[in-house]
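One structure below.
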Amino acid sequence: MSGPVMLAHMLLERLSWRKQPRTPEPDLVMDDPAQIAAFQACGRRDGVLGPVYFYNAVQALPAILPGDRVLDLACGPANQLAEMADLNPDTEFVGVDIAPHMLAQARETLAQHRLDNVQLTQADICRLEQFDDASFDAVTCTLSLHHLEDTLALAQALREAARVLRPGGGVFLADFGRLRRRATQAYFAHDREAEQSPQFTQDYHNSLRAAFSPQELRAAAQVLPAGLRWHATALAPFLLIARHPRHDGTHGPAAARARQRHARMSAAQQRDLQALAGWFRAGGLSLPFPLA
């Protein structure tokens, strides 16, 4: 996630005037066991997405307080959810996903991490009918909104998120932003292909092509708390984060657990994490606290 080739692509993105049309995911619901297995493998702590998920979990800390009830939308195989739940053991998490096979994998992931502060429920994030109004203290969603069919579905999902969120509640959203050049999309999808399965490479490319633009995401998110703050990677919105913080993220136990987790990462994972943090820092978003 760093180096001269990536820098060149990001500069070309910055200079490009073209607007890439959005291509929705071929399968709006990922419920194929082979796809799920590839996705879960790359999202493990030792997988290519491991540092990304840890970064998101740390950046989500300002939106979450001990004792909260947090809804994680489209939790998938729960790699990201497990990172958040591990850093916040005194918080109750509810992960929802529409795909039965995905939820089965999520249960395995949570069992492997020995987490007891997470519940899983099958639900369509555009119709959260089983949850009452204002029944959650915070809502999170990471790398999932691009799976929605169109901007109407995006708006409906975020309206539902706003409905179940208590007034002034925390929000953490992270997703890809739609890039302007096909070459840049291909670069990100194939850059680490030696470390990921062909299935994941194809799914990753599809996800980048299905990403919403920053403008589309901001428009749909207007229903969320007024203090929502948007951040993007420098030069081009390869990744976007929207957060409604409730504190500075440095409260003791969670920060301490994050530092311990960082110390156990390999040198290569720490480099990937530092590179991602650097792109966001150059875009104006720093980590809530030093990890080392």
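The values are calculated or read from the model by the stated rules, or taken from the named source; none is laboratory data. Please read all numbers here as calculations on a predicted model, not as lab measurements. Cβ atoms come from the backbone with ideal geometry, glycine included; neighbour counts cover every protein chain shown. The area values use the complete protein model at the heavy-atom level, side chains included, leaving out ligands, DNA and RNA. Shrake-Rupley method; radii C 1.70, N 1.55, O 1.52, S 1.80 Å.
For segment 1-117, the square roots a ≥ b ≥ c of the C-alpha gyration tensor eigenvalues yield an a/c of 1.5 or more together with a/b exceeding b/c, which makes the shape prolate. Highest mean packing first, where packing is the average number of other Cβ atoms within 10 Å per residue, the peptides 44-51, 112-119 line up as 44-51, 112-119. Around the Cα centre of segment 207-292, unit charges on the Cβ atoms of Lys, Arg, Asp and Glu (plus for the first two, minus for the last two) sum to a dipole of about 220 debye. Based on protein heavy atoms only, segment 91-229 ends up with 45 Å² per residue of surface accessible to a 1.4 Å probe. Measuring nothing but protein heavy atoms, the accessible surface of the chain at 1.4 Å probe radius is 52 percent carbon and sulfur.
Please report, in whole Å³, the volume per residue of the convex hull around the C-alpha atoms of segment 59-159. Write out the running numbers ahead of the final one.
Working: hull volume 9.7 nm³, N = 101.
Per-residue hull volume (Cα only) is 96 Å³.
With all protein chains in place and ligands, DNA and RNA left out, the 1.4 Å accessible area ranks Arg281, Arg178, Arg209, Arg261 as Arg281, Arg209, Arg178, Arg261, largest first.
Dividing the helix sum by the residues of the chain, where each DSSP H run of 4 or more adds -39500 (n - 2.57), gives a mean residue ellipticity at 222 nm of -13500 deg cm²/dmol. Length, then width, then depth: along the principal axes, the Cα atoms of the chain run 45, 43, 39 Å.
Each DSSP beta bridge with both residues in segment 45-156 is either parallel or antiparallel, and the antiparallel ones are about 5%.
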